[in-house]
Amino acid sequence: MKEQIICAGSGGQGIVTMGKLLAWAVLKDNKFVTYIPSYGAEQRGGTANCSVIISDIEIASPLIETPSSLIIMNSASLDKFENRLQKGGLLVINSSLVDKKSERKNVQAVYIPATEIAEEIGQIRTANMVALGAYIGKSKIIPIDKLEESLSNIFSKAKKELLEINIKALRKGEEIGKRS
């Protein structure tokens, strides 16, 4: 098994956090993982993406040419990465901010209003966790509890109060991903 994921969006959307959390969870699930964050020149509002590779065997290269999955949080990222997705790949799109459908007919597309769901939960900044939960619910690549356990590796002690709301966001996304 080898899963190659690119998470992409704008700076400030928690793209790098999403990839880092996934990488920690994969380690807790005793699989091999690589994680490479990429930031634009600006911070908040600039471009951000990260690459995560998950495998049962050692990973020779951390670079991803044709991802097997994409988690897309804005329209610019869909434009940039959609054509690189493998045939039959999984495309998770934040439909709150991406107002168009995928042009690809040979991929599995999951449209989730991640930003709207995050607002309903009470913290708009958890949209990344909603989208990641949807990816996990659809792909079943690792158990959701591994992500929940890994949140404490991501948030500093000063941000421990964010654990509960992020778990809620992950679970809501997973529930929608399972139904998609």
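If I model the chain as equal point scatterers sitting on the Cα atoms and use the Debye formula, what is log10 I(q)/I(0) at q = 0.11, 0.16 Å⁻¹?
For the chain, the Cα-only Debye profile gives -0.40, -0.90.
Let's test the formula: R0 of 35 Å, r as the Cβ-Cβ distance of R84 and E120. What FRET efficiency results, to the nearest 0.05? Before the final figure, lay out the partial values.
Details: r = 32 Å, r/R0 = 0.91.
Approximately 0.65, to the nearest 0.05.
Considering Cα pairs under 8 angstrom that are at least six residues apart, work out the relative contact order of the range 2-179 and quote it in whole percent.
Numbers: 387 pairs, mean separation 37.5, N = 178.
Normalised by residue count, the contact order of the range 2-179 is 21 percent.
Relative to the Cα centre, what is the charge dipole magnitude of the range 2-179, using +1 at the beta carbon of each Lys and Arg, -1 at the beta carbon of each Asp and Glu, and rounding to the nearest 20 debye?
Values: 24 positive and 20 negative charges, 32 e Å.
With only Lys, Arg, Asp and Glu charged at Cβ, the dipole is about 160 debye.
Laboratory data are not the source of any read-out in this text; all were calculated from the coordinates shown. Treat the numbers as computed from the prediction; the structure is a model and nothing was measured. All Cβ positions, even for glycine, are placed from backbone atoms using ideal geometry, and neighbour counts span all protein chains on display.
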